[in-house]
1. Put +1 on the Cβ of every Lys and Arg and -1 on every Asp and Glu Cβ in the stretch 197-348; which of 267, 198, 291 then has its Cα farthest towards the positive end of the dipole?
2. Using modelled backbone amide H atoms (1.01 Å from N, in-plane), which distant-in-sequence or interchain residues come within less than 5 Å of residue 76's amide H?
3. With all pairs of different alpha carbon atoms counted, what Kirkwood hydrodynamic radius in Å does the stretch 176-304 show?
4. Suppose every Lys and Arg Cβ carries +1 and every Asp and Glu Cβ carries -1, with no other charges. What dipole size does the stretch 176-304 come out with about its Cα centre, to the nearest 20 debye?
5. Could you give the nm distance between label points at residue 46 and residue 166, where each point is 7 Å from its Cα heading toward the beta carbon?
6. Ranked by Cβ crowding within 10 angstrom, fewest neighbours first, how are 342, 180, 84 ordered?
7. So if we plug the beta-carbon distance of residue 250 and residue 330 into 1/(1 + (r/R0)^6) with R0 = 41 Å, what FRET efficiency do we get, rounded to 0.05?
8. Bin width 10 Å, alpha-carbon pairs only: give the P(r) of the stretch 234-332 as whole percents, running from 0 to the bin holding the largest distance.
Amino acid sequence: MRWPLDEVPPKETLSMSTPKLTDVARLAGVSPATVSRAINQPAIVNAKTLERIQQAIQQIGYETNTAGRNLRLRRSDALLVMISDAPSRFFSQILMGVEAEASEAGYNVLVSNTQDNPERGRRLYASIQQSLADGILTFGGHNQELGDLIRNHPIPIVGVNEHLEDLPVPVTTVNNLDASRAIVRHLLELGHRKIGHVTGTTTLSSGRDRLEGFLSELQQAGLAPTWICNKHYNVESGREAAGEWLCLTDRPTAVFCSCDEAAFGFIAALQRKGIRVPADISVVGFDDIPLADHYCPALTTIRQPQRELGVTAVRMLLERIHDVEADIPNQRLSGELIVRESTGPPTN
């Protein structure tokens, strides 16, 4: 909504505390990225748009952090994306949103795979101190060494998809708890009572939250999990879990895999042994990567708002770059259950 420039919106419409960049954007009727560009690169912003933004800044009393503005004298117009493991199809979709929003704000995007190597991560964080990048988006959590660096240096940083434990870093994620509960409800509605779960990496917040949602919804239905297999977010974990499922004497009739790639590995390994999906077992994934709709059978899964995660993360990071001390709340986005061919009623 664009507010008339001679009328400040009601207080409850804007942030209740110190005015933020997003408040300026709302009042001026533009995106946060456009406000960021107007502050940092006013020469490339349309004159009328720039005037509207400047008036909005004055009306609500928005001020950028003085120390942060001084640091910006050496800005690089680049954002660094750190991925802690080999880029997956899931992360590639988020990156599309990151690049689109960053480009609109006048920033380039640098992508680096840390390969879970602390020393490589340290070198990347050091690049911020050298003004080679203005801020960091970190995908996939962190380790202790990098956590110490973040605590000791006021680096503009936002977490994507994973909470950075015990660190003052804002994050944007899907609501993993609610999404996992929706999966269990779907399987219960189909008539399944023996339900198993192939977890994601439980050292990561997403893996723990999906497990918690799975367990809490079963408990609410008065059921206990038939089988829990602790694995990781990859195809190999799905194949390994299928081997373990085949050895069970009391097999679950439905299995929730914590990511689509694990579900693909699980289904493929079972099909090689003559197990039919969903006739013999129902399987659900998580993410809705592009292949999910084209797999055989098409995969029932949770659709994460991947592009929106990327856009939201960049907007949060721009806010932090303009004011490194800004209080930026975490953003939890909603997932959507997509029902396809891999789930059905249990056979007796």
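1. Positive-most Cα among the choices belongs to 267.
2. Answer set, sorted by chain and number: 134.
3. After inverting the mean inverse Cα-Cα distance, the result is 14.1 Å.
4. 340
5. Label-label distance for residue 46 and residue 166, simple model: 5.0 nm.
6. Result, fewest neighbours first: 84, 342, 180.
7. Efficiency computed from Cβ-Cβ geometry: 0.55.
8. Computed distribution, short to long bins: 15, 37, 19, 15, 11, 3.
Quick note: the coordinates plus some simple rules give every number you see, no bench work behind them. Here the structure is a predicted model, which is why all the values come from computation and not from measurement. Neighbour counts are summed over all protein chains in view; Cβ atoms, including those assigned to glycine, are modelled from backbone coordinates with ideal geometry.
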